[in-house]
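Please treat every number below as a calculation from the coordinates, not as lab data. Quick caveat, the model's predicted, so the values are computed rather than measured. Cβ coordinates were reconstructed from backbone atoms using ideal geometry, including for glycine residues, and neighbour counts include every protein chain displayed.
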Amino acid sequence: MISITEWQKIGVGITGFGTFFILFGILLYFDSVLLAFGNLLFVTGLSLIIGLRRTFSFFFQRHKLKGTSFFLGGVAMVLLRWPLLGMLLEAYGFVSLFKGFFPVAFGFLGSASNIPFLSTLSQKFQGSSSMV
């Protein structure tokens, strides 16, 4: 069993709030204050979940420097009240940083047919799309 510390639980909550503020800022036509607050909460929560040393070693690996520079540059642009440009830079940096994780996530979603609720939901969507 994996033990989760109290700091990691707090980090998950802070990351969740950061994601919420980012999405809410996008919903409100790229409100720069909400986006900046969401960015700060997201990065803080990530560092609480995996630790400061691992966060720095993740972001500053040699092959991830391009993605890191775009992501952190996007955060800086949002903080300087250029929200649209900042979010575009962040999105490119995020995809560049986590491109190795996407096949794992899609593999998990592909095996979601073994989960009872998700399998009935996916069968319902497949049934409704075949009727069109």
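Computed values, structure above
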item	result
Over the range 1-80: Kirkwood hydrodynamic radius from C-alpha pairwise inverse distances, Å	13.3
Packing rank of 31-44, 79-92, where each peptide gets the mean count of other beta carbons within 10 Å, highest leading	31-44, 79-92
Table column - 3J(HN,Hα) (Hz), the range 12-21, Karplus curve with 6.51, -1.76, 1.60, x for Gly and Pro	5, x, 5, 5, x, 5, x, 5, 4, 5
Kirkwood hydrodynamic radius of the range 34-98, from inverse mean 1/r over distinct Cα pairs, in Å	11.8
